[in-house]
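Here's the structure we're looking at; comments come further down.
The values are calculated or read from the model by the stated rules, or taken from the named source; none is laboratory data. Here the structure is a predicted model, which means the values were calculated and not measured. Ideal geometry is used to build each Cβ from the backbone, glycine not excepted, and the neighbour counts take in all protein chains shown. When the accessible area is computed, the model is the full protein with side chains, heavy atoms only, and any ligands, DNA or RNA have been set aside. Shrake-Rupley method; radii C 1.70, N 1.55, O 1.52, S 1.80 Å.
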Amino acid sequence: MEFELHPDLKPLEFLLGTWKGAGVGDYPTIEAFNFGQEVSFTHIGKPYLIYASRSWLIEQDGSVGRPLATETGYWRPQPDNQLEVTLAHPTGIVEIYVGNVAFNRIEMQTDVVARTQTAKEVTAGTRMYGLLPEKDGARDLGWVYEMAAMGEPLQVHLSAQLKKAG
Ligand code: HEM
């Protein structure tokens, strides 16, 4: 079903659709890795985006490996280019971000990270999403995730570059 875009979603319109690509991940407590990722942003005429991401390991030889992280949530634009994001993870973690949107670029940091009793110790995060300069007639979506976890200070866990796939 096609819905009319809610006017509040205008600053986030550039995210709409499906994006697919690859990235790199690292952290002091783990081995560095390559991953593939598919992200989708949809809407139902209401003033929020529905977000979903899934990812998978890319093996040393370039082949597709085991599934990695998945996350879902809602991106809620607010007045004055402010943004609220809720994200739920199957690892027992829920993140609430606050941030801002300007010129096809989003910056946000966690307001709250809640964890189930068995979840890994993640205490804070920041995310940046933005359209990259045009290349071959298209603009990719880049994103970077920094986290504070496992007693380590805030630092990059992931970065990826995704192409518009639909
Ligand atoms: C595309 C998204 C993500 C990918 C591909 C990814 C991938 C990975 C991989 C491959 C590891 C190494 C351990 C393992 O093989 O499972 C790892 C560790 C970890 N990830 Fe992620 N991750 C993602 C997002 C996140 C997010 C959003 C969080 C927090 C909310 C997170 C928290 C952690 C933590 C805390 C560890 C370290 C665990 C340890 O040291 O025992 N990851 N991640």
query: Counting other Cβ atoms within 10 Å, which GluC sites (Glu not before Pro) in the range 72-159 have at most 11 and lie in a DSSP loop?
result: 134
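Taking all protein chains in place and a 1.4 Å probe, what share, in percent, of the accessible surface of the chain do carbon and sulfur account for? Could you put the intermediate results ahead of the total?
On the way: 5090 of 9550 Å².
Carbon plus sulfur share of accessible area: 53 percent.
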query: Roughly how much of residue 3 is accessible, in Å² to the nearest 10, using a 1.4 Å probe?
result: 80 Å²
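Keeping every protein chain in place, order 80, 8, 140 by accessible area at 1.4 Å, biggest value first, i.e. largest first. Can you show the working numbers first?
On the way: 80 130, 8 75, 140 20 Å².
From most exposed to least exposed: 80, 8, 140.
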field: Prolate/oblate/rounded call for the range 76-166, Cα gyration tensor, a/c under 1.5 rounded
entry: prolate
field: Low-density loop positions, trypsin sites (Lys or Arg not before Pro), the range 21-123 - DSSP coil, at most 13 other Cβ in 10 Å
entry: 120
- request: Convert each backbone phi in the range 124-134 into a coupling constant with the Karplus relation 6.51 cos²θ - 1.76 cosθ + 1.60 (shift: θ = phi - 60°), then list the ³J(HN,Hα) values in order as whole Hz, x for Gly and Pro.
  value: 6, x, 10, 9, 10, 10, x, 6, 8, x, 4
task: Report the chymotrypsin sites (Phe, Trp or Tyr not before Pro) located in the range 40-113 that are in a DSSP loop and have at most 16 other Cβ atoms inside 10 Å of their Cβ, or state none.
output: 103
query: Separation of the range 19-59 and the range 68-127 by C-alpha centroid, Å?
result: 13 Å
field: GNM top mover of 72, 118, 86 - the chain, alpha-carbon springs below 10 Å
entry: 118
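For the range 34-118, count all C-alpha to C-alpha pairs, find those more than 14 Å apart, and express that count as a whole percent of the total.
In whole percent, the share of Cα-Cα pairs in the range 34-118 beyond 14 Å is 70.
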For the range 5-56, projected area of the alpha-carbon convex hull averaged over all directions, nm²: 4.5 nm²
- prompt: Which whole-number percent gives the relative contact order of the range 12-95, counting Cα pairs below 8 Å spaced six or more residues apart?
  reply: 19 percent
task: Would you kindly derive the ³J(HN,Hα) couplings of the range 14-24 from the backbone phi angles with the Karplus curve 6.51 cos²θ - 1.76 cosθ + 1.60 (θ = phi - 60°), listing them in order in whole Hz, with x for Gly and Pro?
output: 4, 7, 4, x, 10, 10, 9, x, 9, x, 10
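State, as an integer percentage, the relative contact order of the range 7-164 based on alpha-carbon contacts under 8 Å between residues 6 or more apart. Write out the running numbers ahead of the final one.
Working: 389 pairs, mean separation 29.7, N = 158.
Rounded, it is 19 percent for the range 7-164.
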statement: Taking every alpha carbon pair in the chain and sorting the distances into 5 angstrom bins from 0 up to the bin holding the longest one, the percent per bin comes out as 2, 8, 16, 22, 22, 16, 9, 4, 1, 0
